[in-house]
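Reading through the structure tokens given below for one structure.
The values are calculated or read from the model by the stated rules, or taken from the named source; none is laboratory data. Keep in mind that what you see is a predicted model, and the values were worked out from it rather than measured. In this analysis, Cβ positions are derived from the backbone assuming ideal geometry, glycine residues included, and neighbour counts consider all displayed protein chains. Note: areas computed on protein heavy atoms with side chains; ligands, DNA, RNA excluded. Shrake-Rupley method; radii C 1.70, N 1.55, O 1.52, S 1.80 Å.
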Amino acid sequence: MCMTVTNLSTFYGGAGGQDVIMGKVSWASGSPVFTPNTMANNLNTTGNVFGMMIDTKNGNYASVDWPTGPMLAYRAANVLPFDAPVAITGATGPYVDPAVAYVDDKLVLFWIVGLDVHMAPLSTTITGGKLTAASVGTSTAVISIGNQSHSPTPLPDSTGNVMGFWFASLVGSDSDMHFKSMLPSTTAHTKCWDTTGWLNNGGVAGGHFLCADSGISYAALQEGEGYFMMSNTDIDTTTAAPLKIRIAGLTGTPSICSSTMGISLKTALPVALPGLLGEFALDTTILLLIGGPTITTKDEVAELSLPSNAGLKGLSLAVQAVINPTDPGLTASFTSTINPAFK
């Protein structure tokens, strides 16, 4: 976990104002325990430093907001501290929530441009094992919902490539948290966490959803749990590219979660059903019911890869799963929906 804090000790790189700190979090004891380290010390400078994000694949890059604009740091191995960051050329404006990540195995940067969150390829120069330059190419919107979007947290698959987002959106002075199950700006999003104050800069670990909350003076993180599904889209049927699905359940408690997926041609108004958490949101004309992946990992996340074929070209499917924890006392739940398209 990376956090933005005030009054940070100089031992952890505190330089005054807001600073960032990195560490590990464990829920094994029943409540979150944060154990800090010194790997982010070099990312701090005088003035307000904000929103450290580590890349989604290897952990070799970290982005951070400085008063002068977005910065990028590098380390040759993910067990080392990050070196001092360099400015990211082409990503202008201070406090634009930069997030470094991978898409299709290529390094990218997400950051705020106007009302939207944009993505652009991120080029870096490594000289003698040190990062000496970073710049972004032409950007495109990946979160565009008509309101001020901010705080993008890219959510990757098991290979480190981004599939969806946990992000915030602002109306007036009210900032709420949203979930987006696929990458393009045209895919749907869902408001998940609604308060009258300011929620921002969240994180997701398995089925744990976190964010900062001005209502508690940012003195603690807000935490919730959810069942979600993500997928790729714009799937190329001419190359038999697979449909990749990633699901998550409650983290840490269930030993095994089975899943069943329903496939339809469109979504419908969500309806609550007795005995299940969440809501059913598929058109009642179900094309197919199939067994989904079984969650057995510690982080309660599992994946499924389904082959595509030319007969799917031009189709957009609607998919939703029911996740069923086997442990006594835990209730089965619907996941969020996905709408993968085939081209």
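The table for this structure:
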read-out: Point-to-point label distance, THR297-THR260, nm (Cα→Cβ direction, 7 Å offset); value: 2.5
read-out: Approximate spin-label separation LYS191-SER173, in nm, with each point projected 7 Å along Cα-to-Cβ; value: 1.8
read-out: Note, ³J(HN,Hα) from phi for the stretch 4-10, Karplus 6.51, -1.76, 1.60, rounded to Hz, x at Gly and Pro; value: 9, 9, 10, 6, 6, 4, 5
read-out: Nearby aspartates and glutamates by direct alpha-carbon distance to LYS266 (threshold 18 angstrom, same-chain neighbours under 8 apart not counted); value: ASP234, GLU279, ASP283
read-out: Alpha-carbon centroids, the stretch 149-183 and the stretch 66-127: separation in whole Å; value: 17
read-out: Cβ-based charge dipole, the chain, positive-most Cα from THR92, ASN201, ASN48; value: THR92
read-out: Rounded to the nearest 20 debye, dipole of the stretch 224-331 from Cβ charges on Lys, Arg, Asp, Glu; value: 220
read-out: Point-charge dipole on Cβ atoms (K/R +1, D/E -1) for the stretch 77-187, about Cα centre, debye to 20; value: 220
read-out: Which listed pairs, of LYS130/LYS244; LYS130/LYS191; LYS180/LYS298, have C-alpha distances above 30 Å, in listed order; value: LYS130/LYS244; LYS130/LYS191
read-out: PHE50 accessible area, 1.4 Å probe, all protein chains in place, Å² to nearest 10; value: 40
read-out: Among THR124, VAL108, THR159 the positive-end extreme of the charge dipole of the stretch 92-174 (Cβ point charges); value: THR124
read-out: Solvent-accessible area of TYR61 with every protein chain in place, 1.4 Å probe, in Å² to the nearest 10; value: 20
read-out: Potential extension, THR89-ASP105 segment - 0.36 nm per residue separation minus Cα distance; value: 3.6 nm
read-out: Net charge dipole size for the chain [Lys, Arg +1 and Asp, Glu -1 on Cβ; Debye, nearest 20]; value: 560
read-out: Protection-proxy order for peptides 153-159, 39-45, each taking the mean of Cβ atoms within 10 Å per residue, highest first; value: 39-45, 153-159
read-out: Extension gain from THR10 to ILE290, taking 0.36 nm per residue of separation minus the Cα-Cα distance; value: 95.3 nm
